[in-house]
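One structure is given below, encoded as structure tokens.
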Amino acid sequence: MQLVLMMFREGVIGESVVVGLTTLAIGSALMLVPAKSKWWPFAGTFLVGFLAHIGYEGLGLNEWFCENRM
């Protein structure tokens with residue numbers, strides 16, 4: 001029950017939209033890479049999360065979030 005309440009804390013929907021849009025943008029760009037191997041979807045999925053996290057760190061958004069939203 002506590003997990004459900006935590007999911008609905010203030011701002012979680014907005015954060016989810018930002019992360020979802022970032023994942024959509026990076027994932028869409030990665031789909032343009034021509035590949036015939038079976039491992040590419042797994043590597044691409046990893047890269048989406050990795051690049052999004054690096055991007056948020058580089059822009060200072062993780063630090064801003066921790067200081068202002070937590």
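Listed values, structure above:
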read-out: Flag for G20 being free of Cβ contacts under 8 Å to residues at least 60 places away in the same chain and either loosely packed, with under 11 Cβ neighbours inside 10 Å or acidic (D, E) (or both); value: yes
read-out: Boolean, S28 is exposed (fewer than 13 other Cβ atoms within 10 Å of the Cβ), modelled with pLDDT under 85 and hydroxyl-bearing (S, T, Y); value: no
read-out: Test: residue in the stretch 43-65 that is loosely packed, with under 10 Cβ neighbours inside 10 Å and modelled with pLDDT under 80; value: no
read-out: Of the criteria (1) outside any helix (DSSP H, G or I); (2) at pLDDT below 80; (3) among the hydrophobic types (A, V, I, L, M, F, W, C), which one V33 fails; value: (2)
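The values are calculated or read from the model by the stated rules, or taken from the named source; none is laboratory data. Just so you know, these numbers come straight off a predicted model, no measurement behind them. Note: ideal-geometry Cβ built from the backbone for every residue, glycine included; neighbour counts use all protein chains shown.
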